[in-house]
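Okay, structure first, notes after.
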Amino acid sequence: MSDVPASTSTGAVFLSYARGDSATVLRIAEALRASGVEVWFDQNELVGGDAWDAKIRGQIATCALFVPVISANTQARLEGYFRLEWKLAANRSHTMAEERTFLLPVVIDATRDAEAKVPAEFKAVQWTRLAGAEPTPQFVERIKRLLVPAGAVGRLSPPGAGEPTGLEPRATPTSRRPTWIYAAAAIVALAAGAFFALRKPAVTDKSIAVLPFTNLGADKGDEYIGDGMSEELLNVFAKLPKLKVAARTSSFFFKGKNLPIAEVGKQLSVAFVLEGSVRRTGNKLRITAQLNSAADGYHLWSETYDRDMTDLLAIQTEVSEQVVKALLGKLGMEESRALEKRATGNPEAHRLYLLGKFHFSKSTRAAWGAAIESFEQSIRIDPAFALAYCGLADTYAWAGGNVLPGRDAWAKEKELAQKAIELEPNLADAHLSLGIALANAFEWDDGERSIKRALELNPNLALAHDQMAWLCAMLGRFDESLRHTRKTVELEPLSPMFNSGLGYYLYFARRFDESLVQLRKASALDPNFAFMRANLGLTLLYGKRDAASAAVEFRLACKLDDVPWYSTSLAQALAVLGDRAGAEEILRRFESESKQRYIGPGAFAGVYLALGNKEKFFEWLDKAFEDQDGICWNLKNDPIYESLQVDPRMRAMIKKVGLEK
């Protein structure tokens, strides 16, 4: 199915699909086009007719690669024009040499190949499964390789030896390996390989990754214990001189994936991998830790600890000491002072802090509330626990404008950060929290100084680089912004948040094609990350002028989380599509919901702008300024507001916010 006229070109990819999969196919098409691949498919209703039929037949007869998209939707439809397309493509394949690759079936859900209702010719070639129905960088690269001149690739297009493809091979009739083994390995190779394939750092002997400790207990709520154990060890290792430690997000990317240790070591470019497990039964806790050589996966040291839950802090200290000694012995390194200072001596305060971080990492409205409760309880138990103040401050930074008014959130955040600095003057996290609070409240210069101080104290604090990138983007210093955001991704290459951030700041810099490619990469890491979906929608809507695809992404973001600005963005896409009623419905929903929960004035302002009501937009923008709403940060440089830059009211507001001197 095509959206371009028939052509004699031999370099195009033809996407054939059932209409129920149009959103996924749109994403595939965008990813391919962003890499320079010509794509043919139909985004319109099937109107039929001889001319239309002849065009489709002509394209199937001349395309270089035919990609049937297989899913539950195609399974459910026993009749459909796509089935004629499939038969035409299958027939054409009989005229080709065995060395020519033409058919590339793609499965976007759990449809089993053995049960798929497809032509026999499709089952004779290798299939591709896209995890989460997402077009990954590895998938795009494979398509590009298949489009090289005929004879350069074989019919089954097997990847080279040892080359990660991110594609799940279809099990052959003689295969005895269960297909989930292929799937698990493929998904991990896909996401991790996409970021390390082009630039993999050399492995040094003095390097380690700490994997999340697996929760083996019956209560899934105990997951934070294993995560906390891993984070404690990461913090200890980070203080060891000359030891390279894989960042938390990179290590935690492999959570639950059960990859061989050697593969993890290869992806993270480390010589050692520490793994472990936790199991709580009542008040009893068993922790097992194991140090492995990444080169061959052999165990170098292991130990099991049986303790009471009240001893969690003591267990972490004991495990840290044992592992550090074992590691230093293997590396020939001297004893370190890394274990001397502890953030708190109270086990329950420490447990609640770990629980708060666990909730905060989920970055949803509901999780922010749980994080605030946990951090506050931790501080009540140990009022001198500086990191707990930082955790609480950062939660207010993210919840502000979403759960409570920005002005209230930033004031609380500032107070907490100042208390943390009072307790530990050289704690980088505390200076970062203060910098975020100040910048959020439009105190840009003071905020920048505090964030720079955090980077002086810890040059590898990824969140500090991310927040500096944000501040610079808001002020229009795009080169500086991109330098910091790229450093963030370098430090945490498998972080969906930081990879999405890079795409977001490229959007601000009007580098829309690069933004689109980067956000697709972020999607490969976590297709269900709402922030990524929303940013992808912004780039599609304001950078590529593709409102239909943008609306798809905004709807996905809204399904994943109920942050109001996702719905505002959807209203903007609907208005561009001419669906004024849909945008007005979002406005009515905001009015109704605001009686039950906080909906910031920026959310209302954005919908009125979408509806073309400038008077209401500026009325709500004044309210947003009083609330110190996040919409104000973006007024000068976000493409959304480009058409308003000549309006005197906008110029005045930009100066009030401090974005211009």
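The values are calculated or read from the model by the stated rules, or taken from the named source; none is laboratory data. Small disclaimer: the values here were computed from a predicted structure and weren't measured. Positions of Cβ are generated from backbone atoms using ideal geometry, with glycine treated the same way; all protein chains shown enter the neighbour counts. Remember, those area values only see protein heavy atoms, side chains included, never the ligands or the DNA or RNA. Shrake-Rupley method; radii C 1.70, N 1.55, O 1.52, S 1.80 Å.
With respect to LEU519, is the statement that it is in a loop (DSSP other than H, G, I, E, B) and of a type in the set (A, V, I, L, M) true?
Details: in a loop (DSSP other than H, G, I, E, B): no; of a type in the set (A, V, I, L, M): yes.
Criteria not met by LEU519.
For first residues located in the range 123-142 and hydroxyl-bearing (Ser, Thr, Tyr) and open to solvent by less than 10 Å² (accessible area, probe 1.4 Å), partners that are at pLDDT 85 or above and outside any helix (DSSP H, G or I) and lie 6+ apart or on another chain with Cβ distances below 6 Å form the pairs THR128/VAL106.
Yes or no, residue by residue, for (1) over 24 Å from LEU268 (Cα atoms); (2) of a type outside the set (D, E, K, R); (3) touching an Asp or Glu at 6+ places or on another chain (Cβ under 9 Å); (4) at pLDDT below 95:
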{"position": "LEU432", "(1), (2), (3), (4)": "yes, yes, yes, no"}
{"position": "LYS452", "(1), (2), (3), (4)": "yes, no, no, no"}
{"position": "LEU461", "(1), (2), (3), (4)": "no, yes, yes, yes"}
{"position": "ASP479", "(1), (2), (3), (4)": "yes, no, no, no"}
{"position": "ARG483", "(1), (2), (3), (4)": "no, no, no, no"}
{"position": "PRO493", "(1), (2), (3), (4)": "no, yes, no, yes"}
{"position": "ALA509", "(1), (2), (3), (4)": "yes, yes, yes, no"}
{"position": "ALA524", "(1), (2), (3), (4)": "no, yes, yes, yes"}
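Mind listing just one residue for me: the one in the range 517-529 that is within 18 Å of CYS558 (Cβ to Cβ) and in contact (Cβ under 8 Å) with a residue 40 or more places away in the chain and, of those, most open to solvent (accessible area, probe 1.4 Å)? Filtering the range 517-529 for residues that are within 18 Å of CYS558 (Cβ to Cβ) and in contact (Cβ under 8 Å) with a residue 40 or more places away in the chain, the one most open to solvent (accessible area, probe 1.4 Å) comes out as ASN528. Listed by first and then second residue, the pairs with beta-carbon distance under 6 Å, at least 6 apart or on different chains, first residue in the range 435-447 and open to solvent by less than 10 Å² (accessible area, probe 1.4 Å), second among the aliphatic types (A, V, I, L, M), are GLY435/ILE451; ILE436/ALA397; ALA437/ALA417; ALA439/LEU471; GLY447/LEU438; GLY447/ALA439.
Suppose we filter the range 564-588 for residues that are part of a loop (DSSP other than H, G, I, E, B) and either buried (at least 21 other Cβ atoms within 10 Å of the Cβ) or not hydrophobic (A, V, I, L, M, F, W, C) (or both); how many remain?
Taking the range 564-588 and keeping what is part of a loop (DSSP other than H, G, I, E, B), we get 577-579.
After this cut, where a residue has to be either buried (at least 21 other Cβ atoms within 10 Å of the Cβ) or not hydrophobic (A, V, I, L, M, F, W, C) (or both) as well, the list is 578-579.
Qualifying residue count for the region: 2.
Scanning the range 565-612 for residues that are closer than 18 Å to ASN634 by Cβ and hydroxyl-bearing (Ser, Thr, Tyr) returns TYR566, SER567, THR568, SER569, TYR608. Candidates LEU482, LEU491, LEU457: the one that is open to solvent by less than 50 Å² (accessible area, probe 1.4 Å), farther than 22 Å from TRP633 by Cα and aliphatic (A, V, I, L, M) is LEU491. Among the residues of the range 396-419, the one identified as modelled with pLDDT under 95 and over 25 Å from LYS595 (Cβ atoms) is ALA397.
I'd like to know if the range 532-541 contains one or more residues that are open to solvent by 10 Å² or more (accessible area, probe 1.4 Å) and either more than 30 Å from GLY578 (Cα to Cα) or not acidic (Asp, Glu) (or both).
Looking only at the range 532-541, we keep the residues that are open to solvent by 10 Å² or more (accessible area, probe 1.4 Å), and these are none.
Scanning the range 532-541 turns up no residue that is open to solvent by 10 Å² or more (accessible area, probe 1.4 Å) and either more than 30 Å from GLY578 (Cα to Cα) or not acidic (Asp, Glu) (or both).
For the range 624-661, a residue qualifies if it is in contact (Cβ under 8 Å) with a residue 24 or more places away in the chain, among the basic types (Lys, Arg) and not in a helix (DSSP H, G or I), and exactly one does: LYS636. Any residue in the range 346-357 that is open to solvent by less than 40 Å² (accessible area, probe 1.4 Å), assigned to a helix (DSSP H, G or I) and either modelled with pLDDT of 95 or more or under 28 Å from ILE631 (Cα atoms) (or both)? Yes, because at least one residue in the range 346-357 is open to solvent by less than 40 Å² (accessible area, probe 1.4 Å), assigned to a helix (DSSP H, G or I) and either modelled with pLDDT of 95 or more or under 28 Å from ILE631 (Cα atoms) (or both). Pairs needed: first member in the range 73-98, within 14 Å of LEU15 (Cα to Cα) and free of Cβ contacts under 8 Å to residues at least 12 places away in the same chain; second member anywhere, open to solvent by less than 50 Å² (accessible area, probe 1.4 Å) and in a loop (DSSP other than H, G, I, E, B); C-beta distance under 6 Å; at least 6 residues apart or different chains. Partner pairs satisfying both residue conditions: none exist.
Check LEU635, LEU644 and return the single one that is buried (at least 19 other Cβ atoms within 10 Å of the Cβ) and among the hydrophobic types (A, V, I, L, M, F, W, C). Explain how you work it out, then say what you get.
Details: LEU644 fails: buried (at least 19 other Cβ atoms within 10 Å of the Cβ).
Every option except LEU635 fails the conditions.
Being open to solvent by 60 Å² or more (accessible area, probe 1.4 Å) and assigned to a helix (DSSP H, G or I) is the filter here; which residues of the range 401-410 pass it? Scanning the range 401-410 gives ARG407, ASP408. In the condition set (1) closer than 22 Å to SER361 by Cβ; (2) of a type in the set (Lys, Arg); (3) open to solvent by 10 Å² or more (accessible area, probe 1.4 Å), LYS544 is compliant with all but (1).
Is one or more of the residues making up the range 501-511 without any contact (Cβ under 8 Å) to a residue 40 or more places away in the chain, part of a loop (DSSP other than H, G, I, E, B) and touching a helix residue (DSSP H, G or I) at 6+ places or on another chain (Cβ under 9 Å)?
Within the range 501-511, the first condition is being without any contact (Cβ under 8 Å) to a residue 40 or more places away in the chain, and the residues that meet it are 501-506, 509, 511.
Now drop any that are not part of a loop (DSSP other than H, G, I, E, B), which leaves 509, 511.
Narrowing the set further to residues that are touching a helix residue (DSSP H, G or I) at 6+ places or on another chain (Cβ under 9 Å) leaves 509, 511.
Scanning the range 501-511, I find at least one residue that is without any contact (Cβ under 8 Å) to a residue 40 or more places away in the chain, part of a loop (DSSP other than H, G, I, E, B) and touching a helix residue (DSSP H, G or I) at 6+ places or on another chain (Cβ under 9 Å), so the answer is yes.
Given the criteria open to solvent by 20 Å² or more (accessible area, probe 1.4 Å) and either in a helix (DSSP H, G or I) or acidic (Asp, Glu) (or both), does LYS595 qualify? The answer is no for LYS595.
Does GLU232 satisfy the criteria of being closer than 24 Å to PRO493 by Cβ, of a type outside the set (Gly, Ala, Ser) and modelled with pLDDT under 80?
Values: closer than 24 Å to PRO493 by Cβ: yes; of a type outside the set (Gly, Ala, Ser): yes; modelled with pLDDT under 80: yes.
It is true that GLU232 is closer than 24 Å to PRO493 by Cβ, of a type outside the set (Gly, Ala, Ser) and modelled with pLDDT under 80.
Scanning the range 598-616 for residues that are aromatic (Phe, Trp, Tyr) and either part of a loop (DSSP other than H, G, I, E, B) or buried (at least 23 other Cβ atoms within 10 Å of the Cβ) (or both) yields TYR598, PHE604.
Among the residues of the range 254-276, those that are buried (at least 22 other Cβ atoms within 10 Å of the Cβ) and more than 19 Å from ALA289 (Cα to Cα) comprise GLN267, LEU268. Applying the selection to the range 120-133, what residues are in contact with a Pro (Cβ under 8 Å, 6 or more places away or on another chain), in a loop (DSSP other than H, G, I, E, B) and at pLDDT 85 or above? Correct list: TRP127 only. Could you please find all residues in the range 290-317 being within 19 Å of LEU234 (Cβ to Cβ), at pLDDT 75 or above and not in a strand (DSSP E or B)? Correct list: ALA294 only.
The single condition among (1) modelled with pLDDT under 80; (2) open to solvent by less than 60 Å² (accessible area, probe 1.4 Å) that LEU285 does not meet is (1).
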